[in-house]
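Step one of this worksheet: look at the structure below.
Just so you know, all these numbers are worked out from the coordinates, no wet-lab data involved. These numbers were taken from a predicted model, which means no experiment stands behind them.
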Amino acid sequence: MHAVEMAEECPVVELDSNALDAVRMLAARRLPGIVVTDRAGCPQSILPASHVVRLLVPSYVRDDPSPAGVLDESMADRVADKLGGKTVRTLLPEKPSELPRVQADDTIVEVAAIMARLRCPLVAVMEDKRLLGVISASRLLELALSPH
């Protein structure tokens with residue numbers, strides 16, 4: 001099975017899209033991540049939902065989770081405060097990582113290898129510079145476990 005056969009449609013956001021709107025889309029559709037493109041529609045990055053969740057937790061709580069039980073601020077307020085007025089570009093790491101991408105004719109093993117190496121729950125399926133769709137880790141596992 002090739003990547004193009006495993007690919008599914010996925011919404012994309014541009015680098016300069018509203019960050020809060022992008023996170024709302026991640027949440028509403030329960031996506032593992034979202035492809036971030038430039039204005040021409042060429043994928044630039046993947047924004048994993050896990051990365052956004054990490055941004056919501058204060059660094060002192062990430063370093064020592066013991067104070068987390070006494071924090072009473074609502075998560076919804078924190079999300080709106082942290083993301084309001086920001087762009088998707090500001091959510092991405094300052095030092096861009098390698099874009100998790102595979103070619104249309106890559107095999108399931110090649111897709112799994114990229115996901116594992118980059119520790120990303122989503123890969124972009126490309127044909128030249130055109131985005132064909134995405135493959136999520138859960139989709140990959142579903143296909144790997146299905147009887148042939």
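A few points about this structure:
- Per-residue extension of 0.36 nm, minus the Cα-Cα distance of Val57 and Arg89, leaves a gain of 9.6 nm for this segment.
- Once the chain from Asp21 to Arg119 is taken as fully extended at 0.36 nm per residue, the excess over their C-alpha distance is 32.8 nm.
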